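Enquirer: Below you will find the structure I want to go over with you.
The values are calculated or read from the model by the stated rules, or taken from the named source; none is laboratory data. The structure presented is a predicted model; accordingly, all values stated were derived computationally and were not measured. Because the Cβ atoms are built from the backbone with ideal geometry, glycine has one as well, and the counts that use them run over all protein chains shown.
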Amino acid sequence: MLFYFSGTGNTRWVAQFLAQELNDTLRFIPDEIGGEMHYKLKEGERLGFVFPCYGWGVPPFVERFIEQVRIEHVEYLYFITTCGDDTGMTAEIFCNDVARKGWTCTMGYAVQMPESYVCLPGFDVDPKEKEQQKLINAISRVNQIVDDIIDGRGGFDTIPGRFAWVKSHIIRPFFNRFLVTPKYFKTTDACVGCGKCVQACPYQNILLNAVNHPEWGTSCVQCMRCYHQCPQHAIEWGVFTKNKGQYLFKEPQTSNV
């Protein structure tokens with residue numbers, strides 16, 4: 001059984017690849033919330049979590065899901081996190097999260113994918129050439145992960161990067177407290193009221209108001225899919241996304257390699 005979350009499509013692709021190759025059941029975390037959230041694994045069935053790295057750690061909403069979910073007969077547990085660059089101490093954070101459930105994480109991997117975080121100075125989407133190279137590299141990376149899972153291997157290869165402790169234990173709490181918020185979202189005059197942002201939001205956090213402009217509720221998880229999905233590039237988050245790019249996952253163009 002494989003639980004995942006994805007905003008711009010990077011993590012969805014990884015999760016779908018894994019589910020197909022491993023013949024596992026794929027479950028989208030927002031779709032599971034509100035249900036019984038009680039699952040029983042079959043004998044020998046693996047449990048996996050696939051999620052994007054947010055603020056050099058496990059996204060808070062994924063942590064809440066792990067805290068609330070009930071899963072019986074957990075034997076082999078692994079996680080895959082996608083990232084634009086590095087993941088800090090995400091492996092330690094995830095292992096601590098599942099340990100509180102009485103579970104032991106056997107394996108963890110990070111897969112570098114094209115950058116989609118644009119809400120702070122110095123962060124923008126990757127140039128197209130770098131984007132394509134990351135996607136091409138990800139294919140061999142995910143194939144290796146599949147082989148390791150099938151073989152039942154353990155260990156962690158999560159690209160912690162430099163200053164991992166500082167990023168995950170000092171910057172991350174600040175990030176989660178002050179920067180995971182919908183209050184800075186706004187639209188420019190380019191908004192045509194098409195409603196694609198409403199359809200795109202995985203947590204159904206956006207509604208159109210009386211003049212067909214989006215308004216954000218309180219359940220935003222900062223996945224930024226609304227920003228990247230907007231065909232008019234009319235959504236901004238404060239002043240930080242001005243003149244920055246958009247990104248949604250597309251299959252890599254391997255024919256040119």
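Enquirer: What strands (runs of 3 or more DSSP E) lie completely within region 1-86 and have 1 or more residues being hydrophobic (A, V, I, L, M, F, W, C) and surrounded by fewer than 16 Cβ atoms within 10 Å (Cβ to Cβ)?
Expert: 26-28
Enquirer: Just checking, does region 103-121 include any residue being of a type in the set (Asp, Glu), surrounded by fewer than 18 Cβ atoms within 10 Å (Cβ to Cβ) and either at pLDDT 95 or above or not assigned by TED's automatic domain parsing to the domain that holds residue 226 (or both)?
Expert: Looking through region 103-121, none of the residues is of a type in the set (Asp, Glu), surrounded by fewer than 18 Cβ atoms within 10 Å (Cβ to Cβ) and either at pLDDT 95 or above or not assigned by TED's automatic domain parsing to the domain that holds residue 226 (or both).
Enquirer: Got a number for residues in region 141-176 being small (Gly, Ala, Ser) and at positive phi?
Expert: Number satisfying all stated conditions: 3.
Enquirer: Going through region 197-207 one residue at a time, which ones are surrounded by 15 or more Cβ atoms within 10 Å (Cβ to Cβ) and touching a Pro at 6+ places or on another chain (Cβ under 8 Å)?
Expert: 197, 198, 202, 203, 205, 206 - these are the residues of region 197-207 that are surrounded by 15 or more Cβ atoms within 10 Å (Cβ to Cβ) and touching a Pro at 6+ places or on another chain (Cβ under 8 Å).
Enquirer: Any chance region 106-120 includes a residue that's aromatic (Phe, Trp, Tyr), at positive phi and out of contact with any strand residue (DSSP E or B) (no Cβ under 6 Å at 6 or more places or on another chain)?
Expert: no
Enquirer: Which residues, counting only those in region 134-162, are within 26 Å of residue 240 (Cβ to Cβ) and free of Cβ contacts under 8 Å to residues at least 40 places away in the same chain?
Expert: 134
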